[in-house]
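The values are calculated or read from the model by the stated rules, or taken from the named source; none is laboratory data. Computed from a predicted model, the values in this text were never measured in an experiment. In case anyone asks, the SASA skips ligands and DNA or RNA and just uses the protein heavy atoms, side chains included. Shrake-Rupley method; radii C 1.70, N 1.55, O 1.52, S 1.80 Å.
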Amino acid sequence: MTKGLNKLHVGLAVSIVLFFALGYWVAKPKLPDLPPYLSFSADVDGTKAWKELLTTKQSAVKEWRLDWKHLPGGTSMLLVAIQPSAVTKSDREHLLKWVQAGNDAIIFDREPQGWASWGTVRVDGGALGTRDAVGEQEQQVQQEKQEKQVKQENQENQENQEKQVKQVKDASTIRVSADYTSVEGTLTGKVETSYRLQPGGSGLALFEDERGVLASRVQEGAGSITMVLTPTWLQNGTIDEASHFELIWPLFAKSWDAVWVDETHHGYGTKPGLLAVYPAWLVLASAQLGLALLLWLWLRGKRFGPVHTPRAWTVRRGDEGVHAVAAWYERLGYRREALAQQQLFLRQLLYQRWGLSPSASALQAAEAARGRMPEAQAAQLMRLLAEPPAESCGVSTTAFVQRTREMGEMIAYLEKE
């Protein structure tokens, strides 16, 4: 029984392993094949290793993905372009102006064209290209097979000798300028370009091989432009071969405020934002006008947001008619008429409470009140029911307010009974 369970567990484990292995083999993720010379590519033909090392030596290393006409203003900056494609005449002119303002540029290009600071020549019998190297390698493999059949016992020694011969044949001896680097010994490098920079002029040759100059630096205004014909030395797969690193690293010995690695001419350019399209003075003027407009609106009492209508503007009051009549009485000065209306209301209240006729005199009302209220209030009731004193210019405001207050007190007293 135990052996059966063990076999079951082993079979289950093997099935799980086979399931995951088969799934990984079927749905194996494929890495994108990026173009060569990209500073963010970890492929063999990328330049990420060089860029990562450069970030440890420079204060800021960033990618540049705009046209060269939008290069940042300022000085003490470096632009590095590795095998750029589709560089126009306008791009070279903008780069030259940027360099003359106090910046530097390093161009790695196997076949530079259109640069006014350098001329190029094509040398005969150039170094083997990639395809020739592959063909020679195939021939060597066939030769090794033949020799293996003849001399099986010396196979390992023969292979080592052939590798040493191949390395010496592919690598060229590089001569460097005395002011460029202090590295001692013989420097070598695999040169895969058949172009050389023309000697002479204002350029300073940094290093060269037996066929001509491979790197040259030219002063332009307050800055400099360096042309290097060996961009493959920066690639991840070749930077540690021969003396490639020792030859290119002194190019970046200077300290810059910012180092820009050009990706625009690798097909990774982006268009500038809306604000970058217009001149700085126009953007600044527009921003100031906008702030002035907002300040003016705020001073004018304008507010942004929903508008709330007061309820009093949309709801009709129940005593709106009374207020309107009172307003007209006040405007036309009908104080005597208002007092007459108050007397009429008081007489109607006496009729409802005491049954006193509305046409009764003030004396009759006082006699009826003597048994129902104190003497002082009875005298006040008789005075209120009497006619108001006649004045030449009508009832004064003070007399009207006083009589109205007393009338209100009397009405409130009668309503409480």
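Amide hydrogen proximity for VAL61: with H placed 1.01 Å from N in the peptide plane, the residues at 5 or more positions away or on another chain lying under 5 Å are VAL259. Pairs exceeding 19 Å between alpha-carbon atoms, taken from LYS69/LYS97; LYS69/LYS89; LYS51/LYS254; LYS62/LYS254; LYS89/LYS190: LYS89/LYS190. Under 5 Å from the amide H of VAL213 lie the amide H atoms of LEU197, each residue being 5 or more positions distant or on a separate chain, with H modelled from the backbone and absent for Pro and chain starts. Rolled with a 1.4 Å probe across the full set of protein chains, the surface gives ILE225 an accessible area near 10 Å². A probe of 1.4 angstrom, applied to the heavy atoms of all protein chains, finds LYS190 with accessible area near 70 square angstrom. When the Cα gyration tensor is reduced to axis lengths a ≥ b ≥ c, the ratio a/c is 1.5 or higher for segment 210-263, and with a/b not above b/c it is classed as oblate.
Figure note: TYR334, TYR37, TYR351 ranked by solvent-accessible area, largest first, 1.4 Å probe, ligands and nucleic acids not counted: TYR351, TYR334, TYR37. In the context of the full protein assembly, THR193 retains an accessible surface of approximately 10 Å², using a probe radius of 1.4 Å and ignoring ligands and nucleic acids.
Computed 3J(HN,Hα) for segment 95-106, one whole-Hz value per residue from the Karplus formula 6.51 cos²θ - 1.76 cosθ + 1.60 where θ = phi - 60°, is 5, 5, 5, 5, 5, 4, 6, x, 10, 10, 9, 10, glycine and proline marked x. Solvent-accessible surface of protein heavy atoms, probed at 1.4 angstrom with all chains present, puts THR88, THR47, THR238 in the order THR88, THR238, THR47, largest first.
Sorting ARG217, ARG311, ARG175 on solvent-accessible area from highest to lowest, probe radius 1.4 Å, gives ARG311, ARG175, ARG217. For segment 395-406, backbone phi angles converted through the Karplus equation (6.51, -1.76, 1.60; θ = phi - 60°) give residue-by-residue couplings of 6, 6, 5, 5, 5, 5, 5, 5, 5, 5, 5, 5 Hz, Gly and Pro being listed as x.
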